[in-house]
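The values are calculated or read from the model by the stated rules, or taken from the named source; none is laboratory data. On a predicted model such as this, the values are computed, not experimentally measured, just so you know. Glycine gets a Cβ as well: all are built from the backbone with ideal geometry, and neighbour counts include every protein chain shown.
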């Protein structure tokens, strides 16, 4: 090969290497939990080599339910229902405080059925636009904090409100009413605390009108709500999950096949990697003994809550479930543990990125204020569960 051609090949190889490096960096920034889960899964394969036994690690009902729910939610998001709802609520607000309360209520409603990251990706930009449109940018930081707390805590009530709830509900075969009753008290306390914090927003009056461009297609809304009802039926085992999945897939293929392109497959793949990781971990005697010691010393609730601060609440719930059958303590620890450190729930990272993109500045001050609120809520809710409700 001639020197010139060789030089061009070297440049090309270097360019490809840099492109691959940038792609890997973007993947980690936007999907850190996926990268961490993949690394963890592959690392444990050195101790427990891959075999057909790996198939027993997966909870197929959870994976199918998750795929159906995420696909339908992407269709609901595309039809503009969430945006229309938020603007409609804001239209009835007569003051800045009422607007923030309305946004919190909208977030609570979304978080009961949507994942917290999808809720934040929908509500936070709307909150920024609405507050800027009425010249109330000063209230954006507190609004962002309260909306994030609502998104992270609001999903605890229902089995399909958070991914780890769906997993625990499916694996342990919990009754729907039993699950709701176990999560109701901390949710009520959380909502009361958040509404009290809303009093920190200045009460200044304004008038807001919903843009005429915000419209809905009634047929699409009706279809997607029916499909979501089918997803709920699958989750509750009222409909066979394979049959229900076929109905959802066929309906979306006919009406909105682009919903599949917008589905959050990274979350599903993250589940797959964590199933492998936790399955392998439970088969390593030394690690199993360590976790059993932790559970025996600190209890299931506190172990799950603290683990969530270090490895995020989804893997913490899956991991602890391999060593304890106390699903309620695991669910409470993971749901409350979703607040605290920035990695306790990756939805938190969405808020930090959204605030940075807002251009309001003082990012360090916002982070400090954000973490202060998170840890106060974490301590209060953990104390309530341990001292009042007697959860261990």
_Condition broken by residue 65, with the remaining ones in (1) farther than 18 Å from residue 274 by Cβ; (2) out of contact with any strand residue (DSSP E or B) (no Cβ under 9 Å at 6 or more places or on another chain) satisfied_ = (1)
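The rows are residues; the columns are (1) touching a helix residue (DSSP H, G or I) at 6+ places or on another chain (Cβ under 9 Å); (2) surrounded by 20 or more Cβ atoms within 10 Å (Cβ to Cβ); (3) over 27 Å from residue 139 (Cβ atoms).
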position: 335; (1), (2), (3): yes, yes, yes
position: 340; (1), (2), (3): yes, yes, no
position: 345; (1), (2), (3): yes, yes, no
position: 356; (1), (2), (3): yes, no, no
position: 363; (1), (2), (3): yes, no, no
position: 373; (1), (2), (3): yes, no, no
position: 388; (1), (2), (3): yes, no, yes
position: 392; (1), (2), (3): yes, no, yes
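Could you say which residue among 82, 153, 108 is crowded, with 19+ Cβ neighbours inside 10 Å, out of contact with any strand residue (DSSP E or B) (no Cβ under 9 Å at 6 or more places or on another chain), part of a helix (DSSP H, G or I) and at pLDDT below 85?
82
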*Within the range 48-78, how many residues are outside any helix (DSSP H, G or I) and either more than 21 Å from residue 245 (Cα to Cα) or out of contact with any helix residue (DSSP H, G or I) (no Cβ under 6 Å at 6 or more places or on another chain) (or both)?*
4
*Go through the range 304-320 residue by residue and tally those that are surrounded by 24 or more Cβ atoms within 10 Å (Cβ to Cβ) and farther than 28 Å from residue 366 by Cα.*
3
*Scan the range 345-392 residue by residue and report those that are under 25 Å from residue 314 (Cα atoms) and outside any helix (DSSP H, G or I).*
345, 346, 389, 390, 391, 392
*Looking at residue 268, is it in a helix (DSSP H, G or I) and under 30 Å from residue 45 (Cβ atoms)?*
yes
_I need a count of the residues in the range 173-193 that are buried (at least 17 other Cβ atoms within 10 Å of the Cβ) and either more than 19 Å from the chain's Cα centre (by Cα) or not in a helix (DSSP H, G or I) (or both)._
4
*Any idea which of (1) under 20 Å from residue 162 (Cα atoms); (2) at pLDDT below 85; (3) part of a helix (DSSP H, G or I) is the one residue 237 doesn't satisfy?*
(3)
